[in-house]
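Reviewing the structure listed below.
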Amino acid sequence: MEMRRHSLSMLLAAAMITLGTRDARGQLGIDIGAKAPAAAVRTLDGRAANLSQFIGRGPVLIEFWATWCPNCRALEPELKRLHAKYGRRVAFVGVAVSANQKPQVVRRYVARHRLPWAQLFDADGEATGVYDVPATSYIVITDRSGRVVYTGIGADQQLEAVLASLQ
């Protein structure tokens, strides 16, 4: 019974993550103009890491995603294309959420789909919390100084215009 209750809780959490809502200002998640926060995460092989290692050293594109997320899969080809075009000037970072995920599943997915950018795992939900992530397929882009310049959700985002403006 306890295992079934835990599984149901995980499924509800996963469903809530995929819904994503805007607040009264039309804002998704972290505020535009905010300094991107540090957040403890893990590498896919279990080592401690922090999003701060990427922030403030140049533009960064962070995607909060999951292997089970259809919007994330639909966004994948565009992210690969943008990484090929901007990857030398913009750091790309994937943060796999922990709802219905395990690092080994994410690791296999990354290898099978040949995702060439840094991949991290939000084991404790710290990154999801401090970035106020409303759903998977959530993108946060920061400028050179580490300020949030864009947030968006879903498979159809206008990411290239934002990345081009950061050059």
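Count charges around Pro59 for me, please; just the other residues with Cβ under 12 Å from its Cβ, Lys/Arg as +1, Asp/Glu as -1.
Values: positive: Arg57, Arg88, Arg89, Arg144, Arg147; negative: Asp143.
Residues near Pro59 contribute +4 overall.
Counting only DSSP beta bridges whose two residues both lie in segment 45-167, roughly 50 percent are antiparallel. Remark: segment 86-102, residue by residue, has Karplus-estimated 3J(HN,Hα) of 10, x, 7, 10, 10, 7, 9, 9, x, 10, 6, 6, 8, 5, 6, 10, 9 Hz, where x stands for each Gly or Pro and the curve is 6.51 cos²θ - 1.76 cosθ + 1.60 at θ = phi - 60°. For segment 79-96, the residues whose backbone nitrogen is under 15 Å from a point 7 Å from the Cα of Ala164, taken along Cα to Cβ, are 82-83, 85-86.
Stokes-Einstein diffusion coefficient for segment 34-167 at 25 °C in a medium of 0.890 mPa s, Rh from the Kirkwood formula over Cα pairs: what value in µm²/s?
Values: Rh = 14.5 Å.
Taking Rh from Cα pairs, D becomes 169 µm²/s.
Over the C-alpha atoms of segment 98-167, the Rg to Rh ratio, Rh being the Kirkwood estimate, stands at 0.98. Per residue, segment 55-128 exposes an accessible area of 46 Å² to a 1.4 Å probe, with every protein chain left in place.
If you plug the beta carbon distance of Ser145 and Asp124 into 1/(1 + (r/R0)^6) with R0 = 22 Å, you get a FRET efficiency near 0.20. In this structure, the amide hydrogen of Val41, modeled 1.01 Å from its nitrogen in the peptide plane, lies closer than 5 angstrom to those of Ala49, Asn50, Leu51, counting only residues at least 5 positions away or on a different chain.
The values are calculated or read from the model by the stated rules, or taken from the named source; none is laboratory data. These numbers were taken from a predicted model, which means no experiment stands behind them. Every residue, glycine as well, gets a Cβ built from its backbone with ideal geometry; the counts of neighbours run over all protein chains shown. Remember, those area values only see protein heavy atoms, side chains included, never the ligands or the DNA or RNA. Shrake-Rupley method; radii C 1.70, N 1.55, O 1.52, S 1.80 Å.
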